[in-house]
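Below: the structure, in structure tokens.
What follows draws every value from the coordinates through simple rules; no lab data is involved. It should be emphasised that the depicted structure is a prediction, and the values quoted were computed from it without experimental measurement. Because the Cβ atoms are built from the backbone with ideal geometry, glycine has one as well, and the counts that use them run over all protein chains shown.
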């Protein structure tokens, strides 16, 4: 079963608008990561937030983490057509050797020019 | 660094044939992961290795699937015999085995079994 579940499954917005994607998970984690996947490509790491952090920024990305609610959100501000992609959250429970991550089902974001 | 390298990029084969997918992780990374991605099931972890040792293969769907990592710079995922339901994109990823390190994904192998 998937640890992380993204919401919504699909999101369509106009260029310049903000996009918010949410992720919920079930067990305790050491950190949560967000990845992006362009069509036909491998996943690319965007940002990592540790369990003792509540908010993190990277350029136009803002990630929040609420461990009491076991949820995270990814905000992309001033979206661009090039942001069109699928976005995945992944959790690291740290209970296995090897840095295994558990990925959610992803949110498909479409930014219309 | 060239990143994670996978070959072939595309593979079309007939049902019953053996398929071998290859992966070269990023130099220095000691964890390697094989994933399968389909529209129906999303991204699934098949197996992962740490220091060339398989740690968790609970995601391997059937005995038809096997994976090896003979050394730190090479891994294979083999399907024998292949079936149409094995059609998917197979990704290899590598990482350091320390908390807080991200995984680096290869470009994937698109497998079509007819």
Report summary line: Taking R0 as 35 Å and r as the Cβ-Cβ distance between residue B:52 and residue A:78, the FRET efficiency 1/(1 + (r/R0)^6), rounded to the nearest 0.05, comes to 0.20
Query - Pair residue B:63, residue A:7: separation of 7 Å Cα→Cβ label points (nm) - result: 4.3 nm
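Please arrange B:26, A:29 by counting, for each residue, the other beta carbons lying within 10 Å of its beta carbon, fewest first. Walk me through the numbers on the way to the answer.
Details: B:26 18, A:29 24.
With the sparsest Cβ surroundings first, the list reads B:26, A:29.
Which number do you get for Rg(Cα) / (2.2 N^0.38 Å) in the protein assembly as shown? Write down the numbers at each step before the final one.
Details: Rg = 17.5 Å, N = 227, 2.2 N^0.38 = 17.3 Å.
Working it through for the protein assembly as shown, the quotient is 1.02.
How much of the pair distance distribution for chain A lies past 17 Å, counting alpha-carbon pairs only, in percent?
On the way: 3201 of 6328 pairs.
Result for the distance tail: 51 percent.
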Query - Percent of Cα-Cα distances greater than 16 Å, calculated over segment A:1-56 - result: 58 percent
Report task. Sticking with the crude label model, points 7 Å out along Cα→Cβ, report the distance from residue B:74 to residue B:27 in nm, one decimal please. Result -> 1.7 nm
Query raised in the report: Say R0 is 45 Å: what FRET efficiency, to the nearest 0.05, do residue A:68 and residue A:15 get from their beta-carbon distance?
Result: 0.80
Report task. Please state, rounded to one decimal and in Å, the Kirkwood hydrodynamic radius that chain B gives when every pair of distinct Cα atoms enters the mean of 1/r. Result -> 14.0 Å
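At 0.36 nm per residue, minus the direct Cα-Cα distance, what do residue B:110 and residue B:44 gain on full extension? Give it in nm, one decimal, please.
Numbers: separation 66, 0.36 × 66 = 23.76 nm, distance 1.48 nm.
Contour length minus Cα-Cα distance gives 22.3 nm.
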Query raised in the report: Among B:29, B:10, which comes first, then next, by fewest other beta-carbon atoms within 10 Å?
Result: B:10, B:29
Report summary line: Least to most buried among B:65, A:88, by other C-beta atoms within 10 Å and fewest first, runs B:65, A:88
